[in-house]
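Have a look at the structure below before the remarks.
The values are calculated or read from the model by the stated rules, or taken from the named source; none is laboratory data. Please read these numbers as outputs of a predicted model, since none were measured by experiment. Quick reminder, even Gly has a Cβ in these numbers, built from the backbone with ideal geometry, and neighbours come from all protein chains shown. We work out accessible area using only protein heavy atoms, side chains counted, and drop any ligands, DNA or RNA first. Shrake-Rupley method; radii C 1.70, N 1.55, O 1.52, S 1.80 Å.
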Amino acid sequence: MTCALSRLWSKSSTADPLSWVSSVSSATGMREENQDAFWLPDTASSNEEAVFVVADGMGGGQLGGLAARNAIDAILSVLRTSHLTAQTHSLADRVREAVVYANKVVHAMQGNVSSHDPITAQVGCALAIGILRKRTLTIAHVGDVRVYLWRRGELRALTRDHSWAYEFSEGDQESQAMRHVLSRAIGPKPEVEPDICLQPLEPGDRVVFCTDGVWAALSETQMAHLIAHTAPALLASRLVRAAQSQDDSDNATALAIVFGKGSCSAKKLLTPVGLVLLALLGLGA
């Protein structure tokens, strides 16, 4: 059985001026629970700054999903507080502080797990954060939630996985068996350091945050084709649907943001009737 949840928002910002439209879609797949979580602004958000987060939980029972949600709540609480002193703190410093606090919150959950397996005994999550201010997206990530940029027909990853496969694999049997194990995550250790980068944006750019249920199921060629040829408001749901049609063994979540030109057509789609129809389509996936 596969069930999906789709939620859609749109937002236009006239600051500096670069309009954008965002959408998100998440599917449970064949798992008993969806341990992915996400956050994106609603239409009431400030034009000055917008926060996007996707998290992929890990851990036994329902703790993985709880870890992902707790991490996002912790991050938002820090970012909202630090916004008051944003003029004296860089975005990079603020997002690093938020990740450090989220790690403390999730690490405190470790005592709730009983397992003889040192890997499954760890409760935590991978996550990626994007803070949009004017024409720059400040990105922080820990784990293997990926952020992609599509620009002028080319797709490239803005993040590098913190996983055994990326950092330690040498192709031997043991490395292959460990290829899905994260080398860095929110929660398992008392301290963690995120990778942070600043990405300047241009009209026409498309940015996608996604869990491994999406990027592991689709090739970059497939992703690039879908990103290039899908209306902004439908982009996240189409990526998730395509991924689930290839492999629905895992949760799959995509959050998409389309900037400047190419986002205008979505405004016509996001009527109340259109939103209802899109929500029904997502629930029927």
* Structure fact -> With E48 itself left out, Lys, Arg at +1 and Asp, Glu at -1 over residues whose Cβ is under 9 Å from its Cβ give +1
* Where Lys and Arg each count +1 and Asp and Glu each count -1, what net charge lies around V105 among other residues with Cβ under 11 Å from its Cβ? -> +1
* Asked: Probe 1.4 Å, all protein chains in place: accessible area of W150 in Å², nearest 10?
  -> 40 Å²
* Just by accessible area at a 1.4 angstrom probe, what is the order of E49, E191 from largest to smallest? -> E191, E49
* Asked: Of H107, H225, H141, which has the most accessible area and how do the rest follow, probe 1.4 Å?
  -> H225, H107, H141
* To do: Would you tally the net charge around A217, using a Cβ to Cβ cut-off of less than 15 Å, leaving A217 out, and scoring K and R as +1, D and E as -1?
  => -4
* To do: Could you tell me the accessible area of E97 in Å² (1.4 Å probe, neighbours in place), rounded to the nearest ten?
  => 100 Å²
* To do: Using a 1.4 Å probe and counting only protein heavy atoms, arrange Y101, Y148 so the residue with the most accessible area comes first.
  => Y101, Y148
* Asked: Rounded to the nearest 10 Å², what accessible area does V208 show when all protein chains are kept and the probe is 1.4 Å?
  -> 0 Å²
